[in-house]
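Scroll down for the structure; my scribbles are underneath it.
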Amino acid sequence: MEKSSSPKTAKVKSAPRRQLKNSQFALKPAEVRKVIYACDNPRDRTIVGTLAATGMRRAEVAALDVRDLDLEARRLTVRNGKGNKQRTVPITEELASDLRLLIGKRSAGPVFLSNRRGALTTRQVNYIVADAGARAGVKNPNPTSCGRLTCHLFRHTFARHWKQRGGDIESLAQILGHASSSTTVDLYGTLSIDDVQSHYDKLMETA
C-alpha cells in the first residue's frame with residue numbers, strides 16, 4: 001500500500017542571531033540630524049542623508065549612478081542590491097534637492113565621487129560615516145561597536161523610526177530590499193527596549 005506524503009512547507013530563513021541583536025540599536029532623530037550637519041562638505045552630508053532617509057546598504061550607496069536617480073518623481077533605483085536584485089526606493093524632497101545640487105549637470109557616472117573623480121569604495125563610505133559621527137560627538141549605542149558609527153546603524157535607525165511612526169512592514173521590506181517580509185518582521189517587527197521603556201513609563205505615570 002502506497003504511503004501518502006504530506007506536502008512540504010518551504011522553510012523561510014530567519015535572520016541570524018547577531019543581526020537580530022544589532023537591529024535593536026538605533027540613533028535618535030536629533031542625533032541623526034546632528035551627524036548630518038557635522039559633515040564638512042556637501043558630498044559627505046548627502047551620503048549620510050541618503051543612508052538616513054532610505055536605509056540603503058553602504059555598497060548600494062557607493063554604487064549609485066546618476067542615471068539611477070529620478071529626482072522629479074523623488075525616487076532612485078538600486079540596480080545591484082543584495083542577491084543582485086533591483087528595487088525602487090522613494091526619497092524625501094530634501095534629499096532630492098541635495099542630490100540635484102550635488103550632481104549638477106552630470107548625466108552619468110557615480111553620484112558620490114571620490115577625490116579622484118571615481119566611485120567611492122565601501123571602506124571610504126565607512127570612514128565618512130564614522131568621521132561624521134566623531135565630529136558630531138554622537139556614539140553608536142551598540143556596546144560592541146566601541147562607539148563608532150556604522151552605515152548599518154543608519155539602516156537599523158531608518159527601520160526603527162519607520163515602525164515608530166506607524167509604517168507598515170510590507171513597504172519597509174520593499175524599501176530595504178529584503179527577500180522576504182518575514183526577515184523584516186524578525187528584525188523590526190517587535191518594539192525596541194527603548195520603546196518598551198517609554199511605554200512602561202507612560203503607563204506607570206497614570207497608574
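What to note about this one:
- In the set (1) in contact with a helix residue (DSSP H, G or I) (Cβ under 6 Å, 6 or more places away or on another chain); (2) under 26 Å from Ala173 (Cβ atoms), the condition left unmet by Lys82 is number (1).
- Taking first residues from the stretch 104-131 that are in contact (Cβ under 8 Å) with a residue 12 or more places away in the chain and partners that are part of a loop (DSSP other than H, G, I, E, B) and surrounded by fewer than 16 Cβ atoms within 10 Å (Cβ to Cβ), the Cβ contacts under 7 Å between residues at least 6 apart in sequence or on separate chains come to Pro110/Gly118; Leu120/Ser114; Gln124/Ser114; Ala130/Arg148.
- Which listed residue, of Phe158, Phe154, is among the aromatic types (Phe, Trp, Tyr) and within 15 Å of Ala59 (Cα to Cα): Phe154
- Flag for Ile91 being within 25 Å of Gln24 (Cα to Cα) and among the hydrophobic types (A, V, I, L, M, F, W, C): yes
- When Leu113, Leu99 are checked against the criterion of being surrounded by fewer than 19 Cβ atoms within 10 Å (Cβ to Cβ), among the hydrophobic types (A, V, I, L, M, F, W, C) and out of contact with any Pro (no Cβ under 8 Å at 6 or more places or on another chain), a single residue qualifies: Leu113.
- One residue from Ser181, Ser114, Ser171, Ser192 being farther than 18 Å from Gly55 by Cα and either modelled with pLDDT of 95 or more or polar (S, T, N, Q) (or both): Ser114
- Within the stretch 128-184, the set of residues being of a type in the set (D, E, K, R), farther than 19 Å from Lys34 by Cα and surrounded by fewer than 17 Cβ atoms within 10 Å (Cβ to Cβ) comprises Arg165, Asp168, Glu170.
- Residues that are small (Gly, Ala, Ser) and closer than 20 Å to Thr122 by Cα, drawn from the stretch 142-168: Ser145, Gly147
- Only one entry of Thr77, Thr88 meets the criterion of being at pLDDT 95 or above, in a strand (DSSP E or B) and not hydrophobic (A, V, I, L, M, F, W, C), and that entry is Thr77.
The values are calculated or read from the model by the stated rules, or taken from the named source; none is laboratory data. In this text the structure is predicted, and so the values were computed from the model without any measurement. Quick reminder, even Gly has a Cβ in these numbers, built from the backbone with ideal geometry, and neighbours come from all protein chains shown.
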